[in-house]
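The values are calculated or read from the model by the stated rules, or taken from the named source; none is laboratory data. Nothing here was measured: the structure is a model prediction, and the numbers come from that model. Reconstructed Cβ throughout: ideal geometry from the backbone, glycine too, with neighbour counts over all protein chains shown.
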Amino acid sequence: MADNKVVTRFAPSPTGFLHLGNYRTAIFAYLYAKKHDGSFVLRIEDTDRERSKKEYEDNVIESLNWLGLSYDKFYRQSEHLDKHKFYLEKMIKEGSAYVSKEQAKDDSGEIKELVRFKNPNIDVAFKDEIKGEVMMNTKDLGDFVIARNLNEPLFHLAVVVDDFEAGITHVIRGEDHVSNTPRQILIQRAIGAPTPIYAHLPLVLGPDKLKLSKRRGALPLTEYKNRGFLPEAILNGMAFVGWNPGTDKEIFTRKELIKAFDLARVQKSPAIFNEEKLEWFNKEHINLLPKEEIEKNILTWLPENMKNPKLVPIIFERINKWGDVKDMAERGELGFFFKQPEYKKEKLIFKNTAPEKISENLKQAIKALENLDEKDFNQENIKIALMAVADKLGSRGELLHPVRFALSGLDKSPDPFTIASILGKNETLSRLQKAV
Ligand code: GLU
């Protein structure tokens, strides 16, 4: 099959930061190539010199590297100007294109030369792997412009020449390019290039059913990197935007995705991107990591003065991504582990219980905990000791609420047993005494 080797490409224009929807295209093109032992090409389409910026190109490269979408070949469209020129000249010589002198539509009224494609005005049909048979009449397109001049090719010509030269077998790209395809096929025929197989991917919409776009809050992929998402989770989560394997299995490693991916299972209707679902994917992928790796990451994301391994389990329960660790710390949800909390004493009271009773209950809690040896002061033993007191009192809330509040000073916190075990015996007793 060596002759039929699959070659796909991702061809972004570096005119802005690409968002997740754009990278979904890259992911599909990559998965398809890898599944078929083919190669994956990254082509930066920078023919629009004014709007193309190095910063955006760098961001694409950083994003693809982070996602692990390694490409077998990289080039910028601007590096191929000689090839574009070669085909333009050939087309002009053969009569499928011509130079036309035209008056500029702006105020200058200057006479400019443009290269126009000689449109045969026919119906162009192509088979799309996702949309099925597509047929379009090209008559309305007229003799469309393919270059400003021999040295300034425009989009359609550049795409066709570059796909041809790179031996692209499968053009996997966004649905917004369907209407460009007939023009590109006409140019292919004119230069003697084969028509690749097309797969136009459904749009990616936000939860509001509107197209995901930069202007509407779609973030650059590197923002997800900075927020501490796992690249494997983004890969998995985004692969599921518009595709599914046809089974209930949702959590896939890179290898599994490559094996399972199939253009035939890409949906035709627009796909919805949901950030919450992506967080879910991320948590599931965190769960696949070895314990030590989880601990290392949580500690890394904690502020310098809070890097305490004892906090790892309670933080782990409350996060979907590493950035949540930092957020928890910044919201002050962890501060009480390091400093006696300040609070209004009324907050210790549970429902309508009399303050004297609360105070008495706290004393009972102290007595029970004092009996625990320092070395036995763990979550399980603390729970047994406090629950015995609570059961004797006949009300859990009247004991556990003031204990928990005395330890954390927060309306919402982990359970008192966990907090006490992390604080240790001395600190726990000191906080309970203060509350009494
Ligand atoms: N450069 C085009 C874009 O960013 C893609 C062209 C193509 O995939 O054929 O939308």
Q. Can you tell me which residue in segment 213-247 is surrounded by the fewest Cβ atoms within 10 Å (Cβ to Cβ), limited to those that are closer than 25 Å to R265 by Cα and aromatic (F, W, Y)?
A. F240
Q | Lone unmet requirement of (1) in contact (Cβ under 8 Å) with a residue 60 or more places away in the chain; (2) under 19 Å from the mean Cα position of the chain (by Cα); (3) within 16 Å of the ligand (Cβ to nearest atom) for G68 | A | (3)
**Q.** L278 vs. criteria buried (at least 16 other Cβ atoms within 10 Å of the Cβ), modelled with pLDDT under 95 and either within 25 Å of K321 (Cβ to Cβ) or over 15 Å from the mean Cα position of the chain (by Cα) (or both)
**A.** no
Q: Please specify each residue of segment 178-219 satisfying the condition of being closer than 23 Å to Y23 by Cβ, more than 25 Å from the chain's Cα centre (by Cα) and in a loop (DSSP other than H, G, I, E, B).
A: P196
Q) Limited to segment 169-186, what total is found for residues that are more than 12 Å from the ligand (Cβ to nearest atom) and more than 15 Å from M135 (Cβ to Cβ)? A) 1
Q | Pick from segment 1-17, criterion in contact (Cβ under 8 Å) with a residue 40 or more places away in the chain and over 20 Å from K53 (Cα atoms), ranking: farthest from the ligand (Cβ to nearest atom) | A | N4
Q: Out of the residues in segment 10-56 that are in contact with a strand residue (DSSP E or B) (Cβ under 7 Å, 6 or more places away or on another chain) and among the hydroxyl-bearing types (S, T, Y), state the one that is farthest from P220 (Cα to Cα).
A: S39
Q: Determine which member of the set A29, A33 is at pLDDT 95 or above, under 19 Å from the mean Cα position of the chain (by Cα) and either among the hydroxyl-bearing types (S, T, Y) or surrounded by 21 or more Cβ atoms within 10 Å (Cβ to Cβ) (or both).
A: A29
Q | Matching residues, segment 48-65, being farther than 12 Å from A11 by Cα and either more than 23 Å from the chain's Cα centre (by Cα) or within 13 Å of the ligand (Cβ to nearest atom) (or both) | A | D48, R49, E50, R51, S52, Y56
Q: State which residue is farthest from G424 (Cα to Cα) when the search covers only segment 296-351 and only residues that are among the polar types (S, T, N, Q) and surrounded by 18 or more Cβ atoms within 10 Å (Cβ to Cβ).
A: N320
Q) Looking at E110, E45, which one is out of contact with any Asp or Glu (no Cβ under 7 Å at 6 or more places or on another chain) and away from the ligand (no atom under 12 Å from the Cβ)? A) E110
**Q.** Residue under evaluation D262, criteria (1) more than 26 Å from L203 (Cβ to Cβ); (2) of a type in the set (D, E); (3) in contact with a helix residue (DSSP H, G or I) (Cβ under 9 Å, 6 or more places away or on another chain), criterion not met
**A.** (1)
Q. Counting only residues that are away from the ligand (no atom under 11 Å from the Cβ) and closer than 21 Å to D72 by Cβ, which one in segment 187-198 is surrounded by the fewest Cβ atoms within 10 Å (Cβ to Cβ)?
A. P194
Q) Does any residue in segment 37-52 that is closer than 16 Å to G68 by Cα and without any contact (Cβ under 8 Å) to a residue 12 or more places away in the chain come within less than 7 Å, Cβ to Cβ, of a residue that is of a type outside the set (G, A, S) and surrounded by fewer than 18 Cβ atoms within 10 Å (Cβ to Cβ) six or more places away or on a different chain, and which pairs are these? A) none
Q. Is it true that some residue in segment 18-31 is within 14 Å of the ligand (Cβ to nearest atom) and over 26 Å from K259 (Cβ atoms)?
A. yes
Q. Any idea how many residues of segment 282-340 are among the β-branched types (V, I, T) and more than 26 Å from P416 (Cβ to Cβ)?
A. 2
Q.
I want to confirm something. Restricting to segment 153-165 and keeping residues that are crowded, with 17+ Cβ neighbours inside 10 Å and away from the ligand (no atom under 11 Å from the Cβ), which single residue is farthest from the chain's Cα centre (by Cα)?
A. P153
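Going by the conditions given, is K105 among the basic types (K, R) and within 16 Å of the ligand (Cβ to nearest atom)?
Working: among the basic types (K, R): yes; within 16 Å of the ligand (Cβ to nearest atom): no.
So K105 does not fit the description; no.
Starting from residues that are in contact with a His (Cβ under 7 Å, 6 or more places away or on another chain) and part of a helix (DSSP H, G or I), keep the ones in segment 222-235 and report whichever is farthest from V325 (Cα to Cα). It would help to see each step written out before you state the result.
To start, the set of residues in segment 222-235 that are in contact with a His (Cβ under 7 Å, 6 or more places away or on another chain) comprises 230, 232-233.
Those still in the list that are part of a helix (DSSP H, G or I) too: 232-233.
On the way: E232: 19, A233: 18 Å.
Ranking the candidates gives E232 first.
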**Q.** Among the candidates S100, S63, S96, residue that is surrounded by fewer than 17 Cβ atoms within 10 Å (Cβ to Cβ) and touching a Lys or Arg at 6+ places or on another chain (Cβ under 8 Å)
**A.** S100
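So is D106 assigned to a loop (DSSP other than H, G, I, E, B), modelled with pLDDT under 95 and surrounded by fewer than 18 Cβ atoms within 10 Å (Cβ to Cβ) or not? Can you show your working first?
Details: assigned to a loop (DSSP other than H, G, I, E, B): yes; modelled with pLDDT under 95: yes; surrounded by fewer than 18 Cβ atoms within 10 Å (Cβ to Cβ): yes.
So D106 passes the test.
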